[in-house]
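> Below: one structure in structure tokens.
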Amino acid sequence: MGTREDLLAAAKQCLAERGYARTTVRDIVTASGTNLAAINYHFGTRDKLLNQAMMESSADAVQQILDSLPAHDAADPTARLRDFFQQLITSFSEQHALWTANAEGLIQALHSPELRAELGSAQQQARAGLADLFGPGAADPQLGAVLQTMLGGLLTQHLVDPEHAPTATDITAGLRTLATLLSPADQRPG
């Protein structure tokens with residue numbers, strides 16, 4: 001790996017171990033075996049390096065979840081959605097520092113137009129990827145937008161109060177109820 005890649009790998013490690021706010025330049029330099037000048041040369045600032053590392057780590061975590069799902073089963077989309085949310089919730093617990101860093105990065109974006117633009121672009125890519133959750137034939141940008149919105153809300157609930165946050169079963173059952181309520185009256189059961 002080159003210096004840039006070493007810095008990114010070290011920043012990802014520091015995010016996973018310490019979170020965004022507690023990761024210092026010294027932590028990254030120590031973990032990467034590089035120097036402060038390398039951070040400035042390749043990224044400009046610690047925040048730009050951490051932002052890049054955070055976006056890549058978050059995208060990688062969600063992609064791993066999507067890749068680990070069982071093969072698409074058109075007969076049971078509820079099970080696929082429940083599996084997705086269950087693995088996402090597990091990731092929130094197992095990679096808690098990463099997801100905390102993700103939330104911290106969102107707060108940083110409120111003060112940085114550059115970061116806001118980068119995160120906005122990353123969210124568009126995430127929506128496109130999530131739209132394919134039920135297979136390329138089912139890809140719908142609106143579905144991706146709903147899933148991205150739910151992912152953000154679920155993350156917030158699990159970071160703040162994981163014991164009372166909804167389970168994957170709660171979410172899929174609630175969506176089924178919502179779909180029934182939103183369907184035309186002539187298509188509702190009973």
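The values are calculated or read from the model by the stated rules, or taken from the named source; none is laboratory data. Please read all numbers here as calculations on a predicted model, not as lab measurements. Heads up, the Cβs are rebuilt from the backbone with ideal geometry, glycines too, and the neighbour counts pull from every protein chain shown. Heavy atoms of the whole protein, side chains included, go into the accessibility calculation; ligands, DNA and RNA do not. Shrake-Rupley method; radii C 1.70, N 1.55, O 1.52, S 1.80 Å.
> Pull out a ≥ b ≥ c, the square roots of the eigenvalues of the alpha-carbon gyration tensor of region 125-180, then state rounded if a/c is under 1.5, prolate if not and a/b is larger than b/c, and oblate in the remaining case.
oblate
> Next question. Which helices of the chain meet both criteria: a Cα extent of 24 Å or more along the helical axis and a mean Kyte-Doolittle score no lower than 0.0, with helices taken as whole DSSP H segments?
Membrane-span-like by this rule: 141-160.
> Could you report the accessible area of His164 in Å², rounded to 10, computed with a 1.4 Å probe on the protein chains as they sit in the structure?
140 Å²
> Count charges around Ser93 for me, please; just the other residues with Cβ under 14 Å from its Cβ, Lys/Arg as +1, Asp/Glu as -1.
With Lys, Arg at +1 and Asp, Glu at -1, the net is -3.
> Could you calculate the contour length gain from Glu56 to Thr3, that is, 0.36 nm times the residue separation minus the distance between their Cα atoms, to one decimal place in nm?
17.4 nm is the gain from fully extending Glu56 to Thr3.
> Please label the shape of region 41-121 as rounded, prolate or oblate, based on the square roots a ≥ b ≥ c of the eigenvalues of the alpha-carbon gyration tensor (a/c under 1.5 means rounded; beyond that, a/b larger than b/c means prolate, else oblate).
Verdict is prolate for region 41-121.
> Apply the a/c threshold of 1.5 to the C-alpha gyration tensor of region 61-190 and tell me whether it is rounded, prolate or oblate.
Note, shape of region 61-190 comes out prolate.
> Describe numerically, in nm with one decimal, the distance between label points set 7 Å from Cα along Cα→Cβ at Leu69 and at Arg18.
It works out to 3.6 nm between the two label points.
> Then there is this: Would you check the accessible area of Lys48, probe 1.4 Å, heavy atoms only, in square angstrom rounded to 10?
The accessible area of Lys48 comes to roughly 80 Å².
> What is the gain in length, in nm to one decimal, between Glu94 and Gln124 on full extension, counting 0.36 nm per residue of separation less the C-alpha to C-alpha distance?
Full extension from Glu94 to Gln124 adds 8.3 nm.
> Could you provide, to the nearest whole Å², the per residue accessible area of the chain with probe 1.4 Å?
Dividing the accessible area of the chain by its residue count gives 56 Å².
> Which value results for Rg/Rh of region 1-142 when Rg is the Cα radius of gyration and Rh the Kirkwood radius based on the inverse mean 1/r?
1.04
> Under a Cβ-only charge scheme (Lys and Arg +1, Asp and Glu -1), can you give me the dipole magnitude of the chain about the Cα centre, in debye to the nearest 20?
360 debye
> Then there is this: Considering only protein heavy atoms and a 1.4 Å probe, what is the carbon-and-sulfur percentage of the accessible area of region 111-168?
Result for region 111-168: 59 percent of the exposed heavy-atom area is carbon or sulfur.
> Let me ask something additional. Based on DSSP H runs of at least 4 residues, each adding -39500 (n - 2.57), what is the mean residue ellipticity at 222 nm of the chain after dividing by all its residues, to the nearest 500 deg cm²/dmol?
-24500 deg cm²/dmol
> Stretched out fully, how many nm does the piece from Thr156 to Arg116 gain, at 0.36 nm a residue minus the Cα gap?
Taking Thr156 through Arg116 to full extension adds about 12.6 nm, to one decimal.
> Something else about it: Largest first, how would Thr3, Thr30, Thr169 line up by accessible area (1.4 Å probe)?
These residues rank, largest area first, as Thr30, Thr169, Thr3.
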